[in-house]
1. Taking region 182-194 as the region of interest, how many residues are over 12 Å from GLU475 (Cα atoms) and more than 6 Å from the ligand (Cβ to nearest atom)?
2. Restricting attention to region 269-298, which residues are aliphatic (A, V, I, L, M), under 22 Å from PHE431 (Cα atoms) and more than 13 Å from the ligand (Cβ to nearest atom)?
3. Consider region 346-383. How many of its residues are out of contact with any helix residue (DSSP H, G or I) (no Cβ under 7 Å at 6 or more places or on another chain) and at pLDDT below 95?
4. Going by what's in this entry, would VAL457 be described as part of a strand (DSSP E or B) and at pLDDT below 95?
5. Considering only residues of region 7-37 that are assigned to a helix (DSSP H, G or I) and open to solvent by 60 Å² or more (accessible area, probe 1.4 Å), which is modelled with the highest pLDDT?
6. Residue by residue through region 203-216, note down the ones that are within 16 Å of the ligand (Cβ to nearest atom) and not hydrophobic (A, V, I, L, M, F, W, C).
7. When the residues of region 248-282 are narrowed to those that are within 21 Å of ASN329 (Cβ to Cβ) and among the charged types (D, E, K, R), which ends up surrounded by the fewest Cβ atoms within 10 Å (Cβ to Cβ)?
8. What residue, among those in region 236-270 that are in contact with a Pro (Cβ under 9 Å, 6 or more places away or on another chain) and β-branched (Val, Ile, Thr), is farthest from HIS170 (Cα to Cα)?
Amino acid sequence: MSVRYLKINHEKYGYDLLALFQSFYPESSWQLVFPGCREQIIKEAENIGFFAELIFAEGDNAPAEVKFFDPDSEGEADVLKYPGGLGADLKEGFGNWIYDVLSERTNKTLPWGTLNGVRPTKLAYRQLEEGKSPEEIKEYYLKERKTSPEKALLSIEIAQREREILKDLHLTDGYSLYIGIPFCPTTCLYCSFTSYPIARFRKEVDRYIDCLLQELEFISQQMKGRFLDTVYIGGGTPTTLEPAQLDRLLSFVEEHFDMSGVSEFTVEAGRADSITEEKLKVLKGHNVTRISINPQTFNQETLDFIGRKASVQQVLDIWPVARKLGFDNINMDIILGLPGEGKEEVTRTINKIKELKPDSLTVHSLAIKRASKLSQWIIENGKEMLQNSDEVMAIASEGAEKMGLLPYYLYRQKNMSGNLENVGFASPGKFGIYNILIMEELQTIVAAGAGTVSKRVYYEDGNVSKIERCENCKEVPMYCERINEMIERKRALF
Ligand code: SF4
């Protein structure tokens, strides 16, 4: 895959602008070159040549220009001057201008316009809180952020639904609890999460749980008196734990936290190759209200290819067991844009899901993360086997609609195939509340376990005024060795 270099003399906005170039020219991988960049990168870029150079003059309201050296410029740099001022409105001013320039050069538009952040619905949510009408918000998305009408309407619909779902929660004075189990049966090709193959770490799991319980004990003391709204156990794959280990963890949570007002208790069972009837019984016995069983695709060939050893048959086998045990809120995750999958394969997956009737369906667009094995695979094999488009997304969203599932949360990631989004659909009453909280950043989330991040959300006059974070070490041995430090970090945050 070819590399294109973007030169910039104003590092502050560099990565936002790079993301725009990347979205218009997704066939290449992009590298930002700025003053202070590693010498080796500067040399490589100078050898190959820059695709474009962005030049900002000193000061906030100074003009700027962009020089294109790409093949369309026929040897001479194509120099374009920014007509407006540059300031705090970078995204709405200069960003919009660059968007128009790139749109004209490529003859393309982007469904999400200049919105390249993780949470495009947050703007709609905030504007609804400020009393703006859906028409005014739509106008803002179209004119100031250059999104398509469909994405603007989807954002508004989701923000309206989120407000309704969250209205009875203790956003300002309550909290949610996240517990991370960083082990999986094997590592999937596209994975960039904190996840370690359980077979290699089996001997360390008990020690990990010891440390996790130590951290949870501290959290339970620290948060005493605050209302606990949701609990989410994710990972990794929590059901890689043995039944006795799961029982130990869940018993501890029940004993140390007041679960009486919890609206949602999720365990992301995730991969079907880790789920057994015995483990599901443990979850049920501890009043877990929501689980996930994630096929990602119902095409076995793809699962084999991406190294996800959970087979289609294992999903089909465990599904009725979970239903029989009384789980009436089961989520399924699927991924669009997996290698070799197009409209036909996604249609097959959606048809199978219709037969199983999950209570919620989370549709992800494949994101290519640098830390994943997929990223290396693409360097070696190219992107040709990866295809995702609005049409493929429509197959999934129309399928969800036919199942009576409504969109209720949305987020984006960098380097998503098709420049699309992840959307959660659910039947009324089965919305994943924690998913909304993590995306809209409206409530404090205290997180325990390796690789987790806690967020303290501050309110002033009823509005979010500040968010502070603290992270735990990612590596399991380091997390265990430094557990006291993890606790001290939390003490400082709370
Ligand atoms: S199941 Fe999820 S966390 Fe585990 S390896 Fe696969 S993608 Fe990563």
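The values are calculated or read from the model by the stated rules, or taken from the named source; none is laboratory data. Quick caveat: nothing in here was measured; it's all calculated off a predicted structure. For neighbour counting, all protein chains shown are included, and Cβ atoms are generated from backbone atoms with ideal geometry for every residue, glycine included. These area figures cover heavy atoms from the full protein model, side chains too; ligands, DNA and RNA do not enter into them. Shrake-Rupley method; radii C 1.70, N 1.55, O 1.52, S 1.80 Å.
1. Number of matching residues: 5.
2. Correct list: LEU280, LEU283, VAL288, ILE291.
3. 16
4. no
5. TYR15
6. Passing the criteria: only TYR208.
7. The residue in question is GLU278.
8. Of everything passing the filter in region 236-270, THR240 is farthest from HIS170 (Cα to Cα).
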